[in-house]
1. Could you run through region 242-269 and say how many residues are modelled with pLDDT of 95 or more and more than 23 Å from THR213 (Cα to Cα)?
2. Within the group GLU208, GLU197, GLU191, which residue is crowded, with 17+ Cβ neighbours inside 10 Å and outside the structural domain of MET308 (by TED's automatic domain parsing)?
3. Could you list, in sequence order, the residues of region 363-380 that are under 14 Å from ARG51 (Cα atoms), among the small types (Gly, Ala, Ser) and crowded, with 16+ Cβ neighbours inside 10 Å?
4. Do the conditions hold for SER131, that is, is it closer than 18 Å to ALA217 by Cβ and small (Gly, Ala, Ser)?
5. GLU66 passes all but one of (1) over 18 Å from THR100 (Cα atoms); (2) surrounded by fewer than 19 Cβ atoms within 10 Å (Cβ to Cβ); which number fails?
6. Just one of (1) under 22 Å from ALA175 (Cβ atoms); (2) surrounded by fewer than 24 Cβ atoms within 10 Å (Cβ to Cβ) trips up LEU103, so point out which.
7. Test LYS287 against the stated conditions and say whether it is part of a helix (DSSP H, G or I) and surrounded by 11 or more Cβ atoms within 10 Å (Cβ to Cβ).
8. Determine which single condition GLY259 fails, assuming it passes every other condition in (1) more than 26 Å from ALA157 (Cβ to Cβ); (2) surrounded by fewer than 18 Cβ atoms within 10 Å (Cβ to Cβ).
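The values are calculated or read from the model by the stated rules, or taken from the named source; none is laboratory data. In this text, all values refer to a predicted model and were calculated from it rather than measured experimentally. Cβ placement follows ideal geometry from the backbone for every residue including glycine, while neighbour counts extend to all protein chains displayed.
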Amino acid sequence: MTVNVRLTSPTHRVEAADQELNVEATFESFYDKGWTDGLPIVPPTDERIARMLEYTDRKPGDVLCEMATSYADATVEKVAINAVMAGCRPEYFPVVVAMTQALGEKEFNLHGIQGTTNPVTPFVLVNGPISREIGMNSGAGCLGPGWRANATIGRTARLLLLNIGGGKPGTTDRATHGFPGKYNFCSAENELESPWEPFHVERGFPKESSTVTVDGASGTHNVITVPEGGGKEVKEGEEILYFMGESAYGMGTNIWMMGFGEPMLVFPPESAQILHRDGFDKPQIRKYMFDVTTRTYDTLAPWVIERMAKRRQVDPKKTDRLTLVQRPEDFLIVCMGGLLPAQGIYIPTFATTKSVTKPVALRDGTHARSVQDFRKAAGS
């Protein structure tokens, strides 16, 4: 089935001797115009865009958000064009739509994320049955290469920020160095092997729903958390949390400098199961992490206290400590990855951003159970 839609975006024609050369010529032309992330793209032909639009019941001109820093309209059609360029399959598009809506929410502060010198980028977390339906990787290597859904959905976020939001590196995008996650930073949660309720359920969504969460991430910090069994003195779960907490405390991070944000703690399934076995539920993990990452003044140089108080706009005489986040609840906890409990991931965040979760839903707000719900709605 091909949706009969009228596209309104300007047409860009590239002429070449044959189809193979036309693909290469399109990439070269788009690259010269600053429309790519530097990697080859799939030419966004009318036919490919139409196939993408088969998986939405929205009109091509519907506005999903105004995207900072240009505050241009992220219409369904424009988002579909960028999803095609990124290499998405059409069935990924419902996830891309929800992701776009989340990026545009005020509390996410995309303007700050786009314009800062910090190497921050949206981390895209997908939950629910649709993540498994479209083949997203939530297990071993989930933040690495090899999985088309993870790679292309994450890459679409970057192309949207570039082509609609105007985040041009070195101009609007002021990142001093950037980091590889600005090409793609996307995964699903490993819900099937987690001992905890899924992240989206914790946020108030039904388990059978699917959601997309964006978090303003400043890279990943791998943490060696090999539990060796401290016996009666220290449980294995506490060993894991101790090393995670000590690694999360980092004075040079943006989140430490500002004193608020929502950093993410990523545990592989076996680590999560050890924590669960040793009696650490999510509130207890957050409390432990909050305490470990708090520093009292007697452990800090006077000039550090003065500097941090100024940046955080607090009176140093009214407290005797500095905390990494404002509340224990600000730590986000996710189960991802596979293999052994030897590694964990700490994801610090840009300070002036809050994570946003959106349901993968039809235009009327109905939560989709399958991507095929969108094809049925689009064809009705």
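1. So the count comes out to 0.
2. On the way: GLU208 fails: crowded, with 17+ Cβ neighbours inside 10 Å; GLU197 fails: crowded, with 17+ Cβ neighbours inside 10 Å.
So the residue among GLU208, GLU197, GLU191 that is crowded, with 17+ Cβ neighbours inside 10 Å and outside the structural domain of MET308 (by TED's automatic domain parsing) is GLU191.
3. ALA378
4. Working: closer than 18 Å to ALA217 by Cβ: no; small (Gly, Ala, Ser): yes.
Taking the combined requirement at face value, the residue does not satisfy it.
5. With (1) over 18 Å from THR100 (Cα atoms); (2) surrounded by fewer than 19 Cβ atoms within 10 Å (Cβ to Cβ) applied to GLU66, the lone miss is (1).
6. Only one criterion is unmet by LEU103, namely (2).
7. Working: part of a helix (DSSP H, G or I): yes; surrounded by 11 or more Cβ atoms within 10 Å (Cβ to Cβ): yes.
Yes.
8. The failed condition is (2).
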